[in-house]
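What follows is one structure encoded as structure tokens, with my remarks underneath.
Coordinate-derived values only; no laboratory data. Just so it is clear, the structure is predicted and the values come from calculations on it, not from any experiment. Here Cβ is always computed from backbone atoms with ideal geometry, including for glycine, and neighbour counts include all displayed protein chains.
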Amino acid sequence: MNTSAIIFMVMGITVICGGLAICLGIAIKNK
Amino acid sequence: MESRGQWGSRVGFIMAAIGSAVGLGNIWRFPYMTASNGGGAFLIPYFVALFTAGIPLLILEFGLGHKFRTAAPGVFSRLNKKWEWIGWWQCAIAFFIVVYYIAIIAWALMYIVYSFNLSWGTNTEAFFYSNYLNITDGPFDLGGLRLKVLIPLIIVWGVTFLVLSGGVKGGIEKANKVFMPLLFILTIIITIRGLTLPGAVDGLNFLFTPDFSKILDGRVWVAAYGQIFFSLSIAFAIMITYSSYLPKKSDITNNAFITAFGDCAFSLLAGTAVFSIIGYWAYSQGAPVAEVAGNGGVGLAFIVFPMAINSLPTMNSLVGVLFFGSLLFAGLSSCMSIVEAFMAGIRDKFQFTRQKALNWSCGVGFIVSVIFATGAGLYILDIVDRFVNNYGVALLGLIEAILIGWFINLESIRGHVNSISDFSIGKWWNICIKFITPLLLGSMTVLNLIEDLTVPYGGYPTNALLTFGVAVAVIAMLSGFILSRFKWAEDTLLQPPKEVKF
């Protein structure tokens, strides 16, 4: 896989999964 | 008196909201939008659209539904008596969407059966158009009913009816708690299978390699906003209805973020699954991915993907069952939410019992959807889809953002949302609703209008576009006006809506 494709794939996963993890963390904390 | 119903848990609401947002478009639209609009670089406008339009609109709809605890017509009526028709217009659009959407789910159900012995053979295109749909020569040549479409159509309507009969907590919530994990598991298995195949890398390169020149193209930004907007079930009454079933003490903002991120996560997963397998197929054919990938949509699911399944070294049938199974579950969870959206509108206004409203909604919906089980079903579906989305959903999103952004005190809605949520949203939200969303949705509508006026959509005859496209879009709007003229039942589930001053 070429480097630029890897960078953007990782960027996409990071933004989405990172965002989801933060939001779920807040939801669990406020439970 | 029968209660409106309420979610049993926060997880149940989130699962149902993600279930509604995750649909067929995540599987067959997102990967192609990405690949054809700059690859990895498309993710930049996509994320900007997510944070400046998708999430703000979700927060707005969740907030309105939660505050007024009624479906879309009641919400708009309470904002301004003269706006009730907009809520009904949203319900009518939801009705016209579900009647064709359910036909595609029926095809997916039939293709699960076909997957067991790969019935589509080597010429998947001929199988789909001739053997399965037995398609006629044009939209006006109905050619009679196709039992292979009608029978699964009846089954899918039956499942939708049964789930919705169970109510909000006992039906929708329970079903989504099964469908959603199952959908993610099926898609993860396909992704793992795809990634372990030779050539998968070529597919992923095709999907993610960035083309930065595209970012400067305004149409790519409009496409990114369109993808986010259509994917999140915004502006056709669903999210307002779902949030109207939230208990008083409920979070709004965090739920909106989780729903949006969950939807995007599934899109990314489905894109990886689809293009890793298409990459393998291209590899096995010795052809570039671009040459075999097609254009997404119905063609991807029922023509390109079966070809790719044929070429797999092992477990062909299993991958077929998993793929069409994921289409089925993604479709069903969205389908339930769409029916619930217009059914709840009817129920709230006319004080029907849930069962009576459901009988009418599913009964009339089924009768109308039978047209998509004829030999001209695919043509009509294609035309209705184009017009209902572009001159229904997108236009309603634009109207919603302008009316609420400019004629309602946004600060009071933000105040309500912030008072009950896990975290607060700042003034950036007002800017998104007031300026960014109308600008982008307005551009999208104008671009689509110019395109449709310049070249007849899909090469269809003008009279077909007028009959199944323009007429349906106009009927949806007129239905909104007509339904808003009826009086609210005196002893309604809610009190007859009073306009609320913001």
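Overview of values
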{"quantity": "Assigned charges on the beta-carbon of Lys, Arg, Asp, Glu; chain B dipole about Cα centre (debye)", "calculated": "1520 debye"}
{"quantity": "Whichever lysines have a C-alpha closer than 20 Å to that of B:Lys356, once near sequence neighbours (fewer than 8 apart) are set aside", "calculated": "B:Lys169, B:Lys487"}
{"quantity": "Peptide-level mean, for B:38-50, of C-beta atoms on other protein chains within 10 Å", "calculated": "3"}
{"quantity": "Per DSSP, loop chymotrypsin sites (Phe, Trp or Tyr not before Pro) in the range B:76-120 with at most 16 further Cβ within 10 Å", "calculated": "B:Phe116"}
{"quantity": "Sequence-separation-based contact order of chain B, relative, with Cα cut under 8 Å and 6+ spacing, percent", "calculated": "34 percent"}
{"quantity": "Peptide-level mean, for B:254-262, of C-beta atoms on other protein chains within 10 Å", "calculated": "5"}
{"quantity": "Three-way shape label, the range B:331-452, alpha-carbon gyration tensor, a/c 1.5", "calculated": "oblate"}
{"quantity": "Long pairs among A:Lys31/B:Lys81; A:Lys29/B:Lys349; B:Lys67/B:Lys177, criterion Cα-Cα beyond 29 Å", "calculated": "A:Lys31/B:Lys81; A:Lys29/B:Lys349"}
{"quantity": "Neighbour net charge for B:Ala401 - beta-carbon separation under 15 angstrom, K R +1, D E -1", "calculated": "0"}
{"quantity": "All lysines inside 30 Å of B:Lys214 as judged from Cα atoms, apart from same-chain residues fewer than 8 positions distant", "calculated": "B:Lys434"}
{"quantity": "Under 14 Å, Cβ to Cβ, from B:Ile371 - net charge with Lys/Arg +1 and Asp/Glu -1", "calculated": "-2"}
{"quantity": "Pairwise label distance in nanometres, B:Phe116 with B:Ser165, each label 7 Å out on the Cα-Cβ vector", "calculated": "2.6 nm"}
{"quantity": "Under the span-like rule (Cα at least 15 Å along the axis, Kyte-Doolittle mean at least 1.6), DSSP H helices of chain B", "calculated": "B:147-165, B:394-407, B:471-485"}
{"quantity": "Packing-based ranking, highest mean first, of B:170-177, B:217-224 given that Cβ atoms within 10 Å are counted", "calculated": "B:170-177, B:217-224"}
{"quantity": "Averaged over A:20-26, number of beta-carbon atoms from partner chains that fall within 10 Å", "calculated": "6"}
